[in-house]
Amino acid sequence: MDKIDAIVVGGGLAGLSAAYRLADAGKQVILLERGDAPGSKNVTGGRIYVDPIRSYLPGVIDSAPFERHVVREMITVLDEGSALQFEYGNEKWKKEPFMSHTVLRAKFDSWLADRAGAKGAFIIPRKKVDELLYEDGRVAGIRSGSEEIGAHVVIAADGALSFLAQKAGLRQPHRPENLAVAVKEIYQLDEKTIEERFGLGPGEGVAGLFMGSVTRGLFGGGFLYTNRDTISVGLVVGIDSLIHGAGGFDAPGLMEGFTGRSEVQRWIRGGELREYSAHVISEAGIGAVPKLYTGGMLVAGDAAGFALNLGLTVRGMEFAIASGAMAADTAVLALDGNDLSESSLSRYEKRLRESFVLPDMETFRHSREILDRQRFFTVYPRFMCELFDELFTVGDKPKEGLYRTARRVAKKYVLNMETLKDLLAARKL
């Protein structure tokens, strides 16, 4: 069978980064994307942290089409009929190099695809990969419909559901508790209106997190990101929670309730809905990361489960770019040495362990276990909102002291053994 150097499956950030690095090293590389174009079906919120990935796309990432650099964090705790909001900002976030940016994936991925193409990568959209090809017990290419394409190495970057990793025997079938569905809407607003509404300077942005009744007791939360002339809002809800949660909630119904809240409406009012999308994402952490290599094949990005939800921050894009680049660099060395064996490709995992990717995944390996405790989405938001309601309300009866008020509300909600269990669990973070 005739073979090219490499096939990358999936046109997200991991696949595009891999294709760029392979082409930059002078290797023949084809990237196959089943969507209409790279980025056409990617649904990141989205925010990218830049410092961890500058070295993986040197001289490239700083010219990316970012939307706004984030200068303020906004957290909103919601209960039925009440809300508590607080913000954090830091002057250093307003100075270059900026820590993080908001992005629109269709624009960002298209830009990176152009960079990879300019280096010589051949990008083929609307191409679904059905099977892996094998030769001498190693992956040796792919089959798409009736067409077979041979390759010395295949990099699977085919997203959170990664059937290629499963077909290669690197992972077990997916379990609902390890996945979540992300639903996102994008509203068009004038650039100046966004800056005035959020109190931002030119090019500055806000990242918002919503927790509490927004998911009606289910695992998950809401997000908001200011782009240049749009606002991205959405929800992430655990698939297992949707399946087994009481009340028969569905993601679109939850989304409608979320955007209907006055705490969200205040930001998006007058905006024109330009985009609605939904996508499956990994929420399991390092416990569900599959084996990352086999003879002739590597797994990167969401396909490898490289996503990290810490509640206050959600990370994925920098994991995708870094792992895609490291998969490519490993493949280049293997191709140069004419050794695509499992032993040779195992150097990929070593690279990941020497980077931020696997160490960060390991440090926060218990984050999903802790966030999955239902009280974080029901009891604690209700406690916070009721406490401030009691503190701010002035009625027709004598008002008790602040300490007595706080103690009474705390006794109702959090001064119990369940809270102690939650605190002990949180020590793992």
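The values are calculated or read from the model by the stated rules, or taken from the named source; none is laboratory data. Note that this is a predicted model, so its numbers are computed, not measured. Note that each Cβ is placed from the backbone with ideal geometry, even for glycine, and that neighbours are counted across all protein chains shown. Side chains are part of the model used for accessible areas, which takes the heavy atoms of the whole protein and leaves out ligands, DNA and RNA. Shrake-Rupley method; radii C 1.70, N 1.55, O 1.52, S 1.80 Å.
Listing for the model above:
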item: Calculated FRET value between residue 91 and residue 51, using beta carbons and R₀ = 22 Å, to 0.05; result: 0.80
item: Taking the stretch 1-160 and dividing mean pair separation by its residue count, relative contact order in percent (alpha carbons under 8 Å, at least six apart); result: 37 percent
item: Label point at residue 389 placed 7 Å out along Cα→Cβ; residues across the stretch 73-109 whose backbone nitrogen lies under 13 Å; result: 78-84
item: Share of Cα-Cα pairs in the stretch 319-429 lying beyond 20 Å, as whole percent; result: 64 percent
item: Gained length - residue 363 relative to residue 346, 0.36 nm times residue gap less alpha-carbon distance; result: 3.9 nm
item: FRET E, pair residue 411, residue 278, Förster distance 35 Å, beta-carbon r, rounded to 0.05; result: 0.25
item: Largest-first ellipsoid semi-axes for the stretch 21-91, taking √(5λ) over the Cα gyration tensor eigenvalues, angstrom; result: 36, 19, 9
item: Under Karplus coefficients 6.51, -1.76 and 1.60, residue-wise ³J(HN,Hα) of the stretch 140-148 in Hz, glycine/proline x; result: 9, x, 9, 10, 10, x, 9, 8, 10
item: Distant-in-sequence amide H partners of residue 179 (H built 1.01 Å from N, under 5 Å); result: 239, 240, 283
item: Rounded to the nearest 10 Å², the accessible area of residue 3 at probe 1.4 Å; result: 60 Å²
item: For the stretch 67-133: rounded, prolate or oblate by the Cα gyration tensor [a/c cutoff 1.5]; result: oblate
item: Charge dipole magnitude, Cβ of K and R +1, D and E -1 - the chain, Cα centre, debye nearest 20; result: 1000 debye
item: Percentage, to the nearest whole number, of Cα pairs in the chain over 27 Å apart; result: 54 percent
item: Relative contact order of the stretch 10-96, pairs being alpha-carbon contacts under 8 Å that are 6 or more residues apart, as %; result: 18 percent
item: Summed residue charge, Cβ within 13 Å of residue 93's Cβ, Lys/Arg positive, Asp/Glu negative; result: 0
item: Relative contact order of the chain, defined on C-alpha pairs under 8 angstrom at six or more residues apart (%); result: 20 percent
item: The stretch 262-314: C-alpha gyration tensor shape, a/c 1.5 cut-off, then a/b vs b/c; result: prolate
item: Residue-span extension gain [residue 107 to residue 339] - 0.36 nm each, minus C-alpha spacing; result: 79.8 nm
item: Cα Rg, Dmax, the stretch 1-155, angstrom units; result: 19.7, 65
item: Dipole of the chain, positive direction: furthest Cα of 157, 186, 308, with charges on the beta-carbon; result: 308
item: Difference of contour (0.36 nm per residue) and Cα-Cα distance, residue 423 to residue 354; result: 21.7 nm
item: Estimated dipole of the stretch 339-429 in Debye, rounded to 20 [Cβ of Lys and Arg +1, of Asp and Glu -1, Cα centre]; result: 500 debye
item: Positive-end extreme of charge dipole, the chain - chosen from 277, 206, 32 (charges on Cβ); result: 206
item: Surface share of carbon and sulfur [accessible, 1.4 angstrom probe, percent] for the chain; result: 51 percent
item: Check: the stretch 268-399 dipole with +1 on Lys, Arg Cβ and -1 on Asp, Glu Cβ, in debye; result: 360 debye
item: Top positive-direction residue, dipole computed over the stretch 367-407 with Cβ charges, set 395, 384, 367; result: 367
item: Cα gyration tensor category, rounded, prolate or oblate, for the stretch 199-339 with a/c compared to 1.5; result: oblate
item: Distance violations [Cα-Cα > 28 Å] among 107/192; 41/95; 128/184; result: 41/95
item: Net charge of Cβ neighbours under 14 Å - reference residue 23; Lys, Arg +1; Asp, Glu -1; result: 0
item: Rounded to the nearest 10 Å², the accessible area of residue 421 at probe 1.4 Å; result: 100 Å²
item: Values of log10 I(q)/I(0), in the order q = 0.19, 0.25 Å⁻¹, for the stretch 378-429 under a Debye, Cα-only, solvent-free model; result: -0.69, -0.97
item: The chain, accessible area per residue, ligands and nucleic acids excluded (1.4 Å, Å²); result: 44 Å²
item: 3J(HN,Hα) from dihedral phi, the stretch 66-75, Karplus parametrisation 6.51/-1.76/1.60, rounded to Hz, x for glycine, proline; result: 5, 8, 9, 8, 6, 10, 8, 9, 10, 10
